[in-house]
Amino acid sequence: MSRHPAATRPAVESRRRIGFTVFAECLLTGVWIAVGCLPLVTAPAAFAAGARHLRRHLTGRTGGWRAYLTDLRAAARRGWLVGAAGL
């Protein structure tokens, strides 16, 4: 039996879709990090919250901008000290 080319096509499109989804999530997270870094003192907290958001997304757990803001607030409690020391 010969394989039909269309039989392998959905797997390729699926990998492309997954890759594009991760790329889009990284872009969105980058925007959130940029907004979180506007006050320079919170830059380390914004990066930590962004990393946690991407880790959550890659493991398949849900999380949006509200979860990011919660992570940012939690990281900013001590992270502002690191940002102030960096300035």
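The values are calculated or read from the model by the stated rules, or taken from the named source; none is laboratory data. Computed from a predicted model, the values in this text were never measured in an experiment. Ideal geometry is used to build each Cβ from the backbone, glycine not excepted, and the neighbour counts take in all protein chains shown. When the accessible area is computed, the model is the full protein with side chains, heavy atoms only, and any ligands, DNA or RNA have been set aside. Shrake-Rupley method; radii C 1.70, N 1.55, O 1.52, S 1.80 Å.
Here are some notes:
- Scope the range 65-87; condition among the aromatic types (F, W, Y) and within 14 Å of A51 (Cβ to Cβ); matching residues: Y68
- The set of residues in the range 27-55 that are touching a helix residue (DSSP H, G or I) at 6+ places or on another chain (Cβ under 7 Å) and either open to solvent by 60 Å² or more (accessible area, probe 1.4 Å) or not aliphatic (A, V, I, L, M) (or both) comprises T29, W32, G36, C37, L40, T42, P44, F47, G50, R52, H53.
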